[in-house]
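A short worksheet on the structure shown next.
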Amino acid sequence: MKRNLLCMTAPVRDGFDIPCHEIGPASAYPAVALVAGLHGDEINGVFILSRLADFLNNVEEGKYPELRLVRRVLIIPAVNVLGVNLRTRTWPFDKTDINRMFPGSTMGETTQRIAYAVLEATKRADYRIDLHTASTDFEEIPQVRLHGPTEAERQTARKFGLPAIMERSLSPVFTTTMMCSWKVWPGESFLLRIGQGGTVQLNHCQRVFRAMVSFLGRIGVLEGVDIALEDEEICHFDKASAFRVYAEKAGTFVSDSQVGRWVRAGQELGYIYDSFSGNVIEKVVAPIAGLLTGIRRHPLLFEGDLILRVNRKV
Ligand SMILES: [Zn+2]
């Protein structure tokens, strides 16, 4: 069932709504709450959740007779609806970051009201999942990000079957994120970070779509899913496992390396060319042996820009 989470009016244009899907048996609160598009330019997550909603609606309509949704799933594919339309990360009217507006309020600015409505709809769920991407300049391996997790969350994170689980401490600075607001409620919270902003990367999206379906199977919300583990191993990385390479010179960075590949120490992963003369001015090599978990995709480099990140297996 589609309903509007929040309806808003605007001074000199038509009103706008934030729609959501509620799928599966009725209940006081959803078993799983999935949120994407807090940042309007992070299209991978919006695409994945809209496709997942379509799939689960088809399950409900009986198009997959072997599958049965036994608990309620709430899906909000695009919180920053106007940002998605205008391709902006922030809320277009006042340039605020919705993910710095939590827990929000019913009385405040528009983005505070949005944050409040999203939190109210999601906070009581047993499992809460927030989808993001890296910036529009950088690509990240599809990963589960844990912020100050419980042991239960560490175990559950493996049920996505994604190649990397990245653990971070809960930021003492960004206390106004949705993740921070979720954390005070019972239940488990996960952030998925998928690819690059500003585009749909079909291979990443398909992989995470499958991850979502098998996750719903493994937690018992979707019955009948083939939940055989994929062959690939799941690596758990802490902050100390990350080795970053920064640009020592400005220029044009070009690479055909793919995130998610294991690399050798010293392996050439890309080149910085002189933007005018075209000669190679720097070979970019893996700083250690490990998994290439992130790489810059915007070609124009300034000195000191982050080029790539390799995580050492722990
Ligand atoms: Zn984001």
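All of the numbers you see were taken from the coordinates with simple rules; none came from a lab. Nothing here was measured: the structure is a model prediction, and the numbers come from that model. Cβ sites come from the backbone with ideal geometry, for glycine too, and all protein chains shown count toward neighbours.
If you take the beta carbon distance between D256 and I281 as r and set R0 to 22 Å, what does 1/(1 + (r/R0)^6) give as a FRET efficiency, to the nearest 0.05? Could the numbers behind the result be given before it?
Details: r = 18 Å, r/R0 = 0.83.
Once the sixth-power term is evaluated, E becomes 0.75.
FRET efficiency for E61 and E268, Cβ-Cβ distance as r, R0 = 45 Å, nearest 0.05? Provide the component values of the computation, followed by the final result.
Details: r = 51 Å, r/R0 = 1.13.
Computed FRET efficiency for E61 and E268: 0.30.
List every residue whose amide H lies under 5 Å from the amide H of V285, counting only residues 5 or more places away in sequence or on a different chain, with H placed 1.01 Å from N in the peptide plane.
L269
Between exposed GluC sites (Glu not before Pro) in the chain, where DSSP calls loop and at most 16 other Cβ atoms lie within 10 Å, what's the longest gap? Intermediate results must be reported in sequence, preceding the final value.
Details: sites that count: E61, E66, E109, E230, E232, E233, E248, E303.
Answer - 110-229.
Long-range amide H contacts for C235: which residues qualify at under 5 Å (H placed 1.01 Å from N, peptide plane, sequence gap of 5 or more or a different chain)?
HN-HN under 5 Å from C235: A164, I165.
Let me know the charge dipole size of the chain about its Cα centre in debye, to the nearest 20, where only the beta-carbon of Lys, Arg (+1) and Asp, Glu (-1) is charged.
Numbers: 37 positive and 36 negative charges, 82 e Å.
For this selection, approximately 400 debye.
Suppose only helical runs count, i.e. DSSP H with n ≥ 4. What mean residue ellipticity at 222 nm does that imply for the chain under -39500 (n - 2.57) per run, divided by all residues and rounded to the nearest 500 deg cm²/dmol? Let's see the in-between values first.
Working: 6 runs with 67 residues, N = 314.
Counting only the DSSP helices, I get -6500 deg cm²/dmol.
Using Cα pairs under 8 angstrom and six or more residues apart, how large is the relative contact order of the chain, in percent? Show your work: numbers first, answer last.
Values: 756 pairs, mean separation 52.5, N = 314.
Over the chain, the number comes to 17 percent.
Taking the 0 to 90 degree range and rounding to the nearest ten, how far is the long axis of helix 110-122 tilted relative to the main principal axis of the chain, both from C-alpha atoms?
It works out to around 70 degrees.
Among the DSSP beta bridges whose two residues both lie in segment 2-235, what percent are antiparallel, rounded to the nearest 5?
Values: 17 of 37 bridges.
Bridges in segment 2-235 are about 45 percent antiparallel.
Have a look at V245, V173, V70 and tell me which one the Gaussian network model of the chain (Cα, springs below 10 Å) gives the largest fluctuation.
V173
With r as the distance between the Cβ atoms of V314 and V184 and R0 = 30 Å, compute the FRET efficiency 1/(1 + (r/R0)^6) and round to 0.05.
Values: r = 29 Å, r/R0 = 0.98.
Working from the Cβ atoms, E equals 0.55.
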